[in-house]
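Written below as structure tokens is the structure these notes are about.
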Amino acid sequence: MRYALILIGKTPMKRKKMLTYCVQIKYTKDALMAIIDEQQDRQAPAAALCESVGGKLVGMWGAMGQPDYHMFAVIEVPTDVAYMSAYMKLMKSGAFESLKTIKCYSTAQVAEAASAVAGIDYTPATG
């Protein structure tokens, strides 16, 4: 997980851990036609949305070679609630047919989870 830093004087202070999401974006036909016809770059509005919930847009890319989504964005936000608020704002706009959320984890987090596996009790179903 990444940390956001706040500088006060000369001393950096850690802020909350930032959560990372990959968002697969599919626009409605009307929104996609407006983007094409008006040659809109949607990165600035996406960055403003992220900043309004205390996060940041890491990057945003168009997608070729698959029919399900037009764009992908990677964002960082401070909480799941912040992400849900941004998601709701986007869906309320009517410009999106679908937004698929993928919560991302660092390789260090995967390793940390793997180290806990041995101590977890679970009995699988048998037949």
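No lab work stands behind these numbers, since they all come straight from the coordinates. Note that the structure is predicted; figures quoted are calculated from it, not measured. When we count neighbours, we look across all protein chains shown, and the Cβ atoms used for this are built from the backbone with ideal geometry, even at glycine.
Kindly provide log₁₀ I(q)/I(0) values, in the same order as q = 0.23 Å⁻¹, from the Debye equation applied to equal alpha-carbon scatterers of the chain. Debye intensities relative to I(0), on a log10 scale: -1.38.
Ranking S98, Q66, G54 by Cα position along the charge dipole of the stretch 2-106, where only Lys, Arg, Asp and Glu carry charges on their C-beta atoms, puts G54 farthest toward the positive end. The simple Förster model, with R0 at 25 Å and r as the Cβ-Cβ distance, assigns A34 and V74 a FRET efficiency of 0.55. Can you bin the stretch 33-98 into rounded, prolate or oblate? Criterion: square roots of the alpha carbon gyration tensor eigenvalues sorted a ≥ b ≥ c, rounded for a/c under 1.5, prolate for a/b above b/c, oblate for the rest. Because a/c hits 1.5 or more and a/b exceeds b/c, the stretch 33-98 counts as prolate. Contact order for the chain, expressed relative to its length and based on alpha carbon pairs under 8 Å spaced 6+ residues apart, stands at 31 percent.
Taking V117, V81, V53 as the candidate residues, the one with maximal mean-square fluctuation in a Gaussian network model of the chain, Cα springs under 10 Å, is V117. Result for the chain in a Gaussian network model with C-alpha springs under 10 Å: among I102, I75, I36, the largest mean-square fluctuation is at I36.
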